[in-house]
1. From the residues in the stretch 55-67 that are touching a residue at least 24 places away in the same chain (Cβ under 8 Å), buried (at least 18 other Cβ atoms within 10 Å of the Cβ) and not aliphatic (A, V, I, L, M), which one is nearest to residue 102 (Cα to Cα)?
2. List the pairs whose first member sits in the stretch 191-206 and is within 19 Å of residue 138 (Cα to Cα) and in contact (Cβ under 8 Å) with a residue 60 or more places away in the chain, whose second member is acidic (Asp, Glu) and not in a strand (DSSP E or B), and whose Cβ atoms are under 9 Å apart, counting only residues at least 6 apart or on separate chains?
3. Could you tell me how many of the residues in the stretch 280-303 are in a strand (DSSP E or B) and either among the acidic types (Asp, Glu) or in contact with a Ser or Thr (Cβ under 9 Å, 6 or more places away or on another chain) (or both)?
4. Could you list, in sequence order, the residues of the stretch 86-121 that are in a loop (DSSP other than H, G, I, E, B) and under 20 Å from residue 152 (Cβ atoms)?
5. With the requirement that a residue be over 16 Å from the mean Cα position of the chain (by Cα) and either more than 14 Å from residue 330 (Cβ to Cβ) or of a type outside the set (Phe, Trp, Tyr) (or both), what does the stretch 258-277 give you?
6. Say we look at the stretch 290-315 and pick out the residues that are of a type in the set (A, V, I, L, M, F, W, C) and within 18 Å of the chain's Cα centre (by Cα); which of these is surrounded by the fewest Cβ atoms within 10 Å (Cβ to Cβ)?
7. Which of (1) modelled with pLDDT of 95 or more; (2) more than 22 Å from residue 411 (Cα to Cα) does residue 296 not meet, given it meets every other one?
8. Of a type in the set (A, V, I, L, M, F, W, C), within 12 Å of the chain's Cα centre (by Cα) and farther than 24 Å from residue 109 by Cα, is that true of residue 251?
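The values are calculated or read from the model by the stated rules, or taken from the named source; none is laboratory data. Remember, it's a predicted structure, so these values are computed and weren't measured experimentally. Neighbour counts are summed over all protein chains in view; Cβ atoms, including those assigned to glycine, are modelled from backbone coordinates with ideal geometry.
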Amino acid sequence: MKRFKIYVIVILFGLFSTMLYSEKTFALEAPVNIYYVSTQGNDTDPGTEASPWKTIQKAANTIKAGDTVYIRGGVYNERVVLKTSGSQDKYITFTNYPGEAVTIDGTGIDWGYDWNSLININRQSYIILSGLNVKNSRWFGIGSTPDDNGSDDIIIKNCSTYNTKGAGIIFTHASNITIDGNSVEQACTGSKSTQEAISLNNVATFEIKNNHVFNITNSISGAGGEGIDAKDGCSNGKIYNNIVNDIPNKVGIYVDAYNRHQYNIEVYQNKVFNCRQGIVVATERNGLLENVNINNNVVYNIKNWGIAVSGYTKGLISKMQDIYIRNNLTYNITDGNIYLNNKEAKNIIITGNILGGGTSQYCSPIYLNGGNLKETTIDTNFISTIVKKQPIGTNYTLLSDKELQNVIIQFQVG
C-alpha cells in the first residue's frame, strides 16, 4: 500500500511539474506586436496607431521577432540601423502604411566613411522591408555589408532607391536573399568602390526578380556602376523578369566569380537595353564560374556586345565551364551579338538564339576574339548576317530583314 501511494505521488508530481513547465514556456513566448511610426509622432509615446513613434530608429530599437512596423506617409530624414533579428516563423517587417508613400531621405546624414547603408540591416536576419523609398544616401541605400557572417533570410520588396553614391541594394556574405519588385535609379554616383546598382557578393541562394534598374551613369573605369551583379562566390541563384536599361557606360547584368567558386546561376526572362554591354559572365581574379544558364532574355540597343563570355586581365586565369546561352533575342548590337573572349572557358553551349542585325557592318552574330572555339558548341541559331572569319555554327537559319523585323515586332507587341 505504501509503495502504491509513493507511485501516485511521483506521478502526480510529474504531471504537476509538466503543467508548470508548460505554463512557464507559454508565458515566455513574446507576443506579436504591431507598431506605428509617424512624422507627427513622439518617441516617448507607446507606438500605437493613435500614439505613434516619431522615428523609424525608435522602432528598430524596440521591436522583437514577429513584430510589424507600419510607417505613415511622409519624409524621414534619418539613418536606420536594425538591432534585432526575427526568426524562421516570425519575420520582423518594416512597411509603409497602406496607400501612403514613405521616403527615407539621407540628405545631410554622414556616418563618416564610404561603406554601409542608409537602411543598414546590420547582419540581422529574418527581416522584410516593403514599400520604402530611400534617397540621397551617403553611400549604399539598403543593405548589410559585413566582411563575414552576414544576414540570412531577407526580403526587400516594392522599395525604391534614388541617388545613392554606392549600390542601391547590396548584401555581402549572406544567404536566402530575395530582392523583388524594386526600383533602383541613379545608383553608384561615387568615384570609387561604389559596387553595382543591385549587388550580391558571396550570397548563397538568392532571387533577384521583377526589378527595374535604370539611369546608372557612372563612367569611371573600375568604380562600379553595373546594373545587377551576382559576384565573388554567389551560388544557387536566379536573376529573372528584371528590366535593366540606360546604363550607357557599363554592363547591364554581370555574373562574376571573381576569386571564388561561383555556381548554379540562372539568368532568364530579363530585358536589357541601352547599355554598353548586355549580359556578361566573367572570372576577374582566378576564381571558377560554372553552371550558368542564360536563356529567354531580350537584349538590344547595346554599344558593345549583347551576351559575352569574357576573359579579364592578362596574367590571370579566368576559369569557367558549363555556360549555356539558349533561346535569347539580341538585336541592334554594335560589335557582336554573342562575344567569345575567354580562352579558358569550357563547354560553352550556344543554341536556339535569334541574333539580329547590328548597328555597324562589322557586327557579327558570334564574335570570336580569343575564345576557345573547340570548347564551344554553336548550333541551331537564327542569324541575320554572316561575317567572314567569324563562326556561325551548324544548322543555322539565315533570317531576312523582314523576318527579323517580324520577330522584333512580335516581341514588342507581346
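1. If we take residues in the stretch 55-67 being touching a residue at least 24 places away in the same chain (Cβ under 8 Å), buried (at least 18 other Cβ atoms within 10 Å of the Cβ) and not aliphatic (A, V, I, L, M), then 57 is nearest to residue 102 (Cα to Cα).
2. Close Cβ pairs (under 9 Å, with a partner that is acidic (Asp, Glu) and not in a strand (DSSP E or B)) amount to 192/114; 193/114.
3. The total comes to 10.
4. Hits for the stretch 86-121 are 86, 88, 89, 91, 116, 121.
5. Across the stretch 258-277, the qualifying residues are 258, 259, 260, 261, 274, 275, 276, 277.
6. Within the stretch 290-315, the match that is surrounded by the fewest Cβ atoms within 10 Å (Cβ to Cβ) is 292.
7. Of everything listed in (1) modelled with pLDDT of 95 or more; (2) more than 22 Å from residue 411 (Cα to Cα), residue 296 misses just condition (2).
8. no
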